[in-house]
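A.B. asks: Could you have a look at this structure, given as structure tokens, before my questions?
The values are calculated or read from the model by the stated rules, or taken from the named source; none is laboratory data. Note that the structure is a prediction, hence the values are computed from the model and not measured. Note: ideal-geometry Cβ built from the backbone for every residue, glycine included; neighbour counts use all protein chains shown. Areas reflect the complete protein model, heavy atoms only, side chains present, ligands, DNA and RNA absent. Shrake-Rupley method; radii C 1.70, N 1.55, O 1.52, S 1.80 Å.
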Amino acid sequence: MAVSAVHLESDAFLVCMNHALSTEKEEVMGLCIGEVTTDSFFACFGVDTNRIVHIHSVIILRRSDKRKDRVEISPEQLSSAATESYRLAEMTGRPMRVVGWYHSHPHITVWPSHVDVRTQAMYQMMDQGFVGLIFSCFIEDKNTKTGRVLYTCFQSVQAQKGSEYERIEIPIHVIPHEAIGKVCLESAVELPRILCQEEQDTYRKIHSLTQLDPITKIHNGSVFTKNLCSQMSAVSGPLLQWLEDRLEQNKQNIIELQLEKERLTQELATM
Amino acid sequence: MAASISGYTFSSVCYHSANSNSDHEGFLLGEVRQEETVSISDTQISSAELLQVVEVHNHEPCAQLFSFYDYAGKVNDENLNRILKDRHKNVIGWYRFRRNTQQQMSFREQIIHKQLTQLLGVPDLVFLLFSFISTANNSTHALEYVLFRPNRSRYNQRVTLHIPNLGTTSQQEYKVSSVPNTSLNYAKVIKEHGAEFFDKDGVMKDIRTIFQVYGALQDRVQAVCGEVEQNERVKEKFQEEVNKLKQQIALRKQKSAEEERRLQEAQNPEQRPTPEENSEPLETSLLSRVVFHTPSTPERLGPSANPPSYADLLSLQDDSLLPSLSSPTSAALLPRPQAVGSPGHPSPSPLGLNPSPAPSPSMPYLGNGDGSSSDSLDRQAAGQEDDDEEEEEDDDDDSSEYENLVSEVAQLPPVTASVLAQGRPAALSPDGDASVLGSQTS
């Protein structure tokens, strides 16, 4: 049964956007966590059941292969994603699991490449309902100075002839969710940590090379410092700023809600 | 002029926009800097060019439309100050998000902009326009954004908005091997003086230091994140309580309205009552929520037999706010308004920008071609003020009626979806369903 639609909670959408906009030089990726519901309403009328994939949260992943056109998830990351799903399941009291993956296409069209379609087909072998999301960003139309951010949802099917796969479009809707969930917030602040981890791993490999002279070592150490500084100013800093602004906005909203609650309580009392 | 906005602020605007089922607007806070670029050309020794750099630091979303202006587009100074409070001086622009509309400032936006320029005292106030379009099957969505400088001359009104990001974190900059050098002097000097950089473990001192900075920063990020998380939960709780109170008030009003009607019926027995709620114009969206939350209103719903998955779906939506009544299932059932091609765009399909190796489909966007939004479908869409801009140019008074119409129509789909949910499988007759389905798929 094909997936009939994907419902992406807006706070998960926020994390995806944050992640996709974090870098324009390479593709980022992550996993989507949620549940699949089957709407058996139409079954009474003989129509195929609707399978709707609800995405409640996302996990930012480290890219094991940083080449520009490839996105692959290591088994360890899949298993840690499963752990995250259990956590989310415990928190919400509903069965949660990995239901899809997303990645970004900076400066590239939103449509999945052949590699993406093949990768998606592979995931579908283990889970028919697995969906793929792509966020395309940093697109600009120079003539009209219009910037664009696009997102699409797809699955793969076997093409009519030959063994190639082709994509099928899946409707995707962003579901309003006024408050940002705990899991989404935690996912969002993972990004600087993941970036630092990647940098540390690379540096450690370089550092273990023995035949480097001091100048080269100093150079490499400075590259590490530079990269970490770049991460802090481009990611950690703006993230902290946004969190503080959100805190302020929330405090304001809470005051307003309190006032409204009092007003409504009074109104109810007089009725 | 150059403009930049952080990815987090941008995503936050997208997030607030996604949460609203109508247009969304707010203010842009930040600062404007003058940057001097000195260039030397053949004709002059040096020429300094002043570049104005607009940096958006964060945004102040407006909770509702028309919060600081009225239907005639007149800006209310008091309301403006109430919204902005002490951030008055940080305002550098404002933004608006609308769906299925052209990438141009509407007339109302232009007159509001002029007034804001005066009231806020910002001569070069900018306006950021977000417009959202989708393919007919809703699988692909595009958010387009343009930054306008309306106070400038007719030309050069659009400014590129840059989103600074990590750029390249390529590991190519690390050197895996040293440049071969057999000079003993070289080796000796760099070893002796280079030792300054390393501590006794052979690790570069700088690395330890920067790592400490990073660690402290990340700890702070976690701490603030924890505070935000607590805040969000408190806000959610208050919102729930406010919603409950509104429900109770609506219920009381409904009951008293029913009693009045019964009294009237008692007085005029020949008048037929119309309990069918779909034929009544819904006053508030809450009535619809009351309907599916209280199965004790038997005249509307059959015996409720909620299959758990669907009810869970609905209870999931309970947590979200009132405005989020654009019920997903109903949205999935409703045909979405078709995408709009903008006459300003050189290429009709914005997705055809880059050559892609992927099999690209034929034109996914089915607009009317002339830039107008398809009106009949629009009006069925859940709470979207798409025709607002078109109508304003003709007559500002009409838009208020349209908005009421739209908000009423917006409440119909969730009701019918919920009625479907509650009523299945036994309660509703196939005919009733067919008509409901028919109306939704028209």
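A.B. asks: Among the candidates A:Cys229, A:Cys184, which residue alone is open to solvent by less than 10 Å² (accessible area, probe 1.4 Å) and either at pLDDT 90 or above or in contact with a helix residue (DSSP H, G or I) (Cβ under 6 Å, 6 or more places away or on another chain) (or both)?
C.D. replies: Working: A:Cys229 fails: open to solvent by less than 10 Å² (accessible area, probe 1.4 Å).
Result of the check over A:Cys229, A:Cys184: A:Cys184.
A.B. asks: For the structure I just gave you, tell me whether A:Gln197 is open to solvent by 30 Å² or more (accessible area, probe 1.4 Å) and either among the polar types (S, T, N, Q) or within 7 Å of another protein chain (Cβ to nearest Cβ) (or both).
C.D. replies: Numbers: open to solvent by 30 Å² or more (accessible area, probe 1.4 Å): yes; either among the polar types (S, T, N, Q) or within 7 Å of another protein chain (Cβ to nearest Cβ) (or both): yes.
Against the criterion (open to solvent by 30 Å² or more (accessible area, probe 1.4 Å) and either among the polar types (S, T, N, Q) or within 7 Å of another protein chain (Cβ to nearest Cβ) (or both)), A:Gln197 qualifies.
A.B. asks: Checking B:Leu65 against (1) assigned to a strand (DSSP E or B); (2) within 19 Å of the chain's Cα centre (by Cα): exactly one of these is not met. Which one?
C.D. replies: Only one criterion in (1) assigned to a strand (DSSP E or B); (2) within 19 Å of the chain's Cα centre (by Cα) is unmet by B:Leu65, namely (1).
A.B. asks: Moving on to the next point. Assess whether B:Leu166 counts as being aliphatic (A, V, I, L, M), under 30 Å from A:Glu199 (Cα atoms) and modelled with pLDDT under 90. I'd like the intermediate steps shown before the answer.
C.D. replies: Details: aliphatic (A, V, I, L, M): yes; under 30 Å from A:Glu199 (Cα atoms): yes; modelled with pLDDT under 90: yes.
Against the criterion (aliphatic (A, V, I, L, M), under 30 Å from A:Glu199 (Cα atoms) and modelled with pLDDT under 90), B:Leu166 qualifies.
A.B. asks: I've got another one for you. Could you check region A:200-221 and list, in sequence order, the residues that are small (Gly, Ala, Ser) and within 7 Å of chain B (Cβ to nearest Cβ)? Give the steps one after another, and end with the answer.
C.D. replies: Initially, region A:200-221 is screened for residues small (Gly, Ala, Ser), giving A:208, A:221.
Listed by number, the list holds a single entry, A:Gly221.
A.B. asks: Still on this structure: Kindly provide the set of residues from region A:69-103 that are under 21 Å from A:Ala121 (Cβ atoms) and either among the charged types (D, E, K, R) or assigned to a strand (DSSP E or B) (or both), ordered by number.
C.D. replies: Correct list: A:Asp69, A:Arg70, A:Glu72, A:Arg97, A:Val98, A:Val99, A:Gly100, A:Trp101, A:Tyr102, A:His103.
A.B. asks: Does B:Glu283 count as open to solvent by 90 Å² or more (accessible area, probe 1.4 Å), under 23 Å from B:Asn21 (Cα atoms) and either modelled with pLDDT under 85 or not in a loop (DSSP other than H, G, I, E, B) (or both)?
C.D. replies: On the way: open to solvent by 90 Å² or more (accessible area, probe 1.4 Å): yes; under 23 Å from B:Asn21 (Cα atoms): yes; either modelled with pLDDT under 85 or not in a loop (DSSP other than H, G, I, E, B) (or both): yes.
Against the criterion (open to solvent by 90 Å² or more (accessible area, probe 1.4 Å), under 23 Å from B:Asn21 (Cα atoms) and either modelled with pLDDT under 85 or not in a loop (DSSP other than H, G, I, E, B) (or both)), B:Glu283 qualifies.
A.B. asks: Let me ask you something else. Limited to region B:127-155, what total is found for residues that are under 30 Å from B:His113 (Cβ atoms), assigned to a loop (DSSP other than H, G, I, E, B) and either within 7 Å of another protein chain (Cβ to nearest Cβ) or in contact (Cβ under 8 Å) with a residue 60 or more places away in the chain (or both)? Reasoning before the result, please.
C.D. replies: At the first step, the residues of region B:127-155 found to be under 30 Å from B:His113 (Cβ atoms) are B:127-134, B:141-155.
Restricting the remaining residues to those that are assigned to a loop (DSSP other than H, G, I, E, B) gives B:149-155.
Filter once more, so that each one left must be either within 7 Å of another protein chain (Cβ to nearest Cβ) or in contact (Cβ under 8 Å) with a residue 60 or more places away in the chain (or both): B:149.
Result for region B:127-155: 1.
A.B. asks: Could you check B:Leu161 against (1) at pLDDT 90 or above; (2) touching a helix residue (DSSP H, G or I) at 6+ places or on another chain (Cβ under 7 Å); (3) aliphatic (A, V, I, L, M) and say which number it fails?
C.D. replies: Of the numbered conditions (1) at pLDDT 90 or above; (2) touching a helix residue (DSSP H, G or I) at 6+ places or on another chain (Cβ under 7 Å); (3) aliphatic (A, V, I, L, M), the odd one out for B:Leu161 is (2).
A.B. asks: Search region A:211-220 for residues being in contact with a helix residue (DSSP H, G or I) (Cβ under 7 Å, 6 or more places away or on another chain) and without any contact (Cβ under 8 Å) to a residue 12 or more places away in the chain, and hand back the single one that is most open to solvent (accessible area, probe 1.4 Å). Reasoning before the result, please.
C.D. replies: Of region A:211-220, the ones in contact with a helix residue (DSSP H, G or I) (Cβ under 7 Å, 6 or more places away or on another chain) are A:213-215, A:218, A:220.
Among the residues that remain, those that are also without any contact (Cβ under 8 Å) to a residue 12 or more places away in the chain are: A:213-215, A:218.
Values: A:Asp213: 31, A:Pro214: 33, A:Ile215: 77, A:Ile218: 24 Å².
Among those residues, the one meeting the criterion is A:Ile215.
A.B. asks: Residue pairs, Cβ under 8 Å, 6 or more apart or interchain, first in region A:101-125 and touching a residue at least 12 places away in the same chain (Cβ under 8 Å) and more than 12 Å from every other protein chain (Cβ to nearest Cβ), second open to solvent by 10 Å² or more (accessible area, probe 1.4 Å) and in a helix (DSSP H, G or I). List them.
C.D. replies: A:Trp101/A:Tyr123
A.B. asks: Another question, if that's okay. Could you list all residues from region A:261-271 that are open to solvent by 50 Å² or more (accessible area, probe 1.4 Å) and modelled with pLDDT of 90 or more? Can you show your working first?
C.D. replies: Quick first cut of region A:261-271, residues open to solvent by 50 Å² or more (accessible area, probe 1.4 Å) only: A:261-263, A:265-267, A:269-271.
Within region A:261-271, A:Lys261, A:Glu262, A:Arg263, A:Thr265, A:Gln266 qualify.
A.B. asks: Now for a separate question. Starting from residues that are within 7 Å of another protein chain (Cβ to nearest Cβ) and farther than 30 Å from A:Leu257 by Cα, keep the ones in region A:163-181 and report whichever is surrounded by the most Cβ atoms within 10 Å (Cβ to Cβ).
C.D. replies: Within region A:163-181, the subset within 7 Å of another protein chain (Cβ to nearest Cβ) is A:166, A:169-180.
Retained after the next criterion (residues that are farther than 30 Å from A:Leu257 by Cα): A:166, A:169-172.
Numbers: A:Glu166: 17, A:Glu169: 17, A:Ile170: 22, A:Pro171: 22, A:Ile172: 25.
Step by step, filter region A:163-181, then rank; the result is A:Ile172.
A.B. asks: Moving on to the next point. What number of residues within region A:4-34 satisfy the criterion of being touching a Gly at 6+ places or on another chain (Cβ under 6 Å) and either of a type in the set (Phe, Trp, Tyr) or in a strand (DSSP E or B) (or both)?
C.D. replies: Of the residues in region A:4-34, 1 are touching a Gly at 6+ places or on another chain (Cβ under 6 Å) and either of a type in the set (Phe, Trp, Tyr) or in a strand (DSSP E or B) (or both).
A.B. asks: Let me ask something else. Of the residues A:Gly237, A:Gly221, only one is among the small types (Gly, Ala, Ser), under 27 Å from the mean Cα position of the chain (by Cα) and modelled with pLDDT of 90 or more; which?
C.D. replies: Details: A:Gly221 fails: under 27 Å from the mean Cα position of the chain (by Cα).
Just a single option satisfies the conditions, and that option is A:Gly237.
A.B. asks: Search region B:16-55 for residues being surrounded by 14 or more Cβ atoms within 10 Å (Cβ to Cβ) and touching a Ser or Thr at 6+ places or on another chain (Cβ under 6 Å), and hand back the single one that is nearest to A:Leu247 (Cα to Cα).
C.D. replies: Going residue by residue through region B:16-55, those that are surrounded by 14 or more Cβ atoms within 10 Å (Cβ to Cβ) are B:16-30, B:32, B:52-55.
Now restrict to residues that are touching a Ser or Thr at 6+ places or on another chain (Cβ under 6 Å): B:18-19, B:21, B:24, B:55.
Details: B:Ala18: 20, B:Asn19: 18, B:Asn21: 24, B:His24: 20, B:Glu55: 21 Å.
Taking the candidates together, the pick is B:Asn19.
A.B. asks: Could you check region B:96-126 and list, in sequence order, the residues that are of a type in the set (Phe, Trp, Tyr) and assigned to a strand (DSSP E or B)? Break it down stepwise before answering.
C.D. replies: Keep residues of region B:96-126 that are of a type in the set (Phe, Trp, Tyr), which gives B:97, B:107.
Within region B:96-126, B:Phe97 is the sole residue that qualifies.
A.B. asks: Has region A:70-83 got any residue that is over 20 Å from A:Leu191 (Cβ atoms), modelled with pLDDT under 75 and in contact with a Phe, Trp or Tyr (Cβ under 7 Å, 6 or more places away or on another chain)? Before you say what the answer is, go through the steps one by one.
C.D. replies: Narrowing region A:70-83 to residues over 20 Å from A:Leu191 (Cβ atoms): A:70, A:75, A:79, A:82.
After this cut, where a residue has to be modelled with pLDDT under 75 as well, the list is A:70.
Retained after the next criterion (residues that are in contact with a Phe, Trp or Tyr (Cβ under 7 Å, 6 or more places away or on another chain)): none.
Within region A:70-83, not a single residue is over 20 Å from A:Leu191 (Cβ atoms), modelled with pLDDT under 75 and in contact with a Phe, Trp or Tyr (Cβ under 7 Å, 6 or more places away or on another chain).
A.B. asks: If you don't mind, there's one more thing I want to ask. Filter region B:145-193 down to the residues that are over 30 Å from A:Arg148 (Cβ atoms) and within 54 Å of the chain's Cα centre (by Cα), then identify the one that is surrounded by the most Cβ atoms within 10 Å (Cβ to Cβ). Explain how you work it out, then say what you get.
C.D. replies: Kept after step one, since they are over 30 Å from A:Arg148 (Cβ atoms), are these residues of region B:145-193: B:173-193.
Filter again for within 54 Å of the chain's Cα centre (by Cα), leaving B:173-179.
On the way: B:Glu173: 14, B:Tyr174: 19, B:Lys175: 16, B:Val176: 12, B:Ser177: 10, B:Ser178: 15, B:Val179: 9.
Selected residue: B:Tyr174.
A.B. asks: Another question about this same structure. Restricting the search to region B:200-222, which residues are assigned to a helix (DSSP H, G or I) and either touching a strand residue (DSSP E or B) at 6+ places or on another chain (Cβ under 9 Å) or open to solvent by 50 Å² or more (accessible area, probe 1.4 Å) (or both)?
C.D. replies: Initially, region B:200-222 is screened for residues assigned to a helix (DSSP H, G or I), giving B:205-222.
Scanning region B:200-222 gives B:Lys205, B:Asp206, B:Arg208, B:Thr209, B:Phe211, B:Gln212, B:Val213, B:Ala216, B:Asp219, B:Arg220, B:Gln222.
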